[in-house]
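Working notes, beginning with the structure itself.
The values are calculated or read from the model by the stated rules, or taken from the named source; none is laboratory data. Everything numeric in this text was worked out from a predicted model, so none of it was measured. Glycine gets a Cβ as well: all are built from the backbone with ideal geometry, and neighbour counts include every protein chain shown. We work out accessible area using only protein heavy atoms, side chains counted, and drop any ligands, DNA or RNA first. Shrake-Rupley method; radii C 1.70, N 1.55, O 1.52, S 1.80 Å.
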Amino acid sequence: MWQRAYLNRLKRDLDLWIERGWVTAANADAILASAAEPGASTRRMPAILAILGAVLIGFAVMSFVAANWQEISKLTKIVLIFAAMWTAYGAAIVLEKRGHANFAQAAVLIGLGLFGAGIMLIAQIYHIVTDDPGGVLAWCVAALATAWLLSSRAALALGILLAVVWTWFAIDMNDAVPHWAFWFAWAAAAALALRLSWTPALHLVLIAGFLWQAINVEAIMGLTGLSPSQFAVFVALEALALWMAALAFARDGARLGSVAEAYGIVVAFALVGFFQVDPGEYDRAAEGAAGPTLIAATAMLAAALAALAVMRGRLPSRHVAGVAALAALAIAYPLLSASENAALIPWIYAAAILVLAAWLVSWGSASGSRFAVNFGFVVFAAEVLWLYFATLGTLLDTAIFFALGGVLLIVGSIVFERMRRRIVRGTATEGGAA
């Protein structure tokens, strides 16, 4: 379906390019024929199946070890596991030399799975707890080292996953302090993702960073004195800072910038939406003394990055108000929820989110970010659905709210259009004077 839509769009574009003299008719036919060939996804299917098969084999070996097979001696077990591991690595070398790079990656993944099974086997022999963080750390280091030495994407993905499991096990054993050591593995994985220029790894790295905060949330709040509400505000501002950093440094790493920008947008809007859906009752007594300071520092960091993005021309000054409004919504949440007007939070935030969703579409159109445009429409549609179901029993209120919202959007569009024409007219005048 997507291939057909792409070909139809390409054909329309080629017709326009032929009319403008950019492409000849013969070249257009060649381009269409090339685009109609089996896509990369089709060519990658055998490799994907091989990787999935490697994952299943790894789980099979670990399940076999976990079965606690008593009939075989301990030495024989260790020899079998590590012989199979080195056989897998040897097969990977042979496949790589013969030009089967994707199947070589599958063999590497099998070897790493067998390495993990060897760790489990040794833990079983010497009666070490199976969720000991040390064993997972050794497995993680082996995966990242393999990714570095062999430029293996599969090993890198496994290493990132194991880093998250490692911090999970560490916090499960001691949740008094955050598991800071995770960030060493995270930094190594991020460097490898950039070295391999692999976008999925960039996604995994950012997801792992946010998962670390979710896993360590209680330890972080205990250390910093943040209340749950303050922690949510902190993460929202952190996501906003990530978004601004992606804009400010996009020229230095365009691919990483686009991925980081997407996650910053999603997390920031998701948390603001959470404030609306579940405002709760804010307990000021639970507020930590360091909370406001940490939140203020994060807001200042986001503001500084936004200013840098404006200076570098990545964030037009007319869109700064949208970023500031999103930050203000996050910061104002504890204040509003502790006031007498806490019951108005859902409706105040609903109106604000609708406006910000429209702004996100506008900003995405101006900056060429298709993700921002699409996500803005998703946020707008989700907000309208929430309003409909939230006021389902009071259809009159629903009708009034939608009518007022529609009028405000139309009036806003007229005002923005007049402002745009005035700016364009002023620019043209200055150009003529020059």
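Observations
- From the largest down, segment 300-340 spans 42, 19, 7 angstrom on the principal axes of its Cα atoms.
- Rounded to the nearest 10 square angstrom, residue 345 shows an accessible area of 0 square angstrom against a 1.4 Å probe.
- Label-to-label distance, residue 311 versus residue 97, with points set 7 angstrom from Cα along the beta-carbon direction: 5.5 nm.
- For segment 94-211, the share of accessible area belonging to carbon and sulfur comes to 71 percent (1.4 Å probe, ligands and nucleic acids excluded).
- Heavy atoms of residue 179 accessible to a 1.4 Å probe, total area in Å² rounded to 10: 30
- Surface per residue (accessible, 1.4 Å probe) for segment 146-268, Å²: 41
- Under 5 Å between amide hydrogens, built in the peptide plane, is the criterion, and for residue 227 it picks out 288 among residues at least 5 positions away or on other chains.
- Cα gyration tensor, segment 189-272 - rounded (a/c under 1.5), prolate or oblate: prolate
- Segment 104-157: projected area of the alpha-carbon convex hull, averaged over directions, in nm²: 3.5
- Mean projection area, nm², convex hull over Cα of segment 171-210: 3.0
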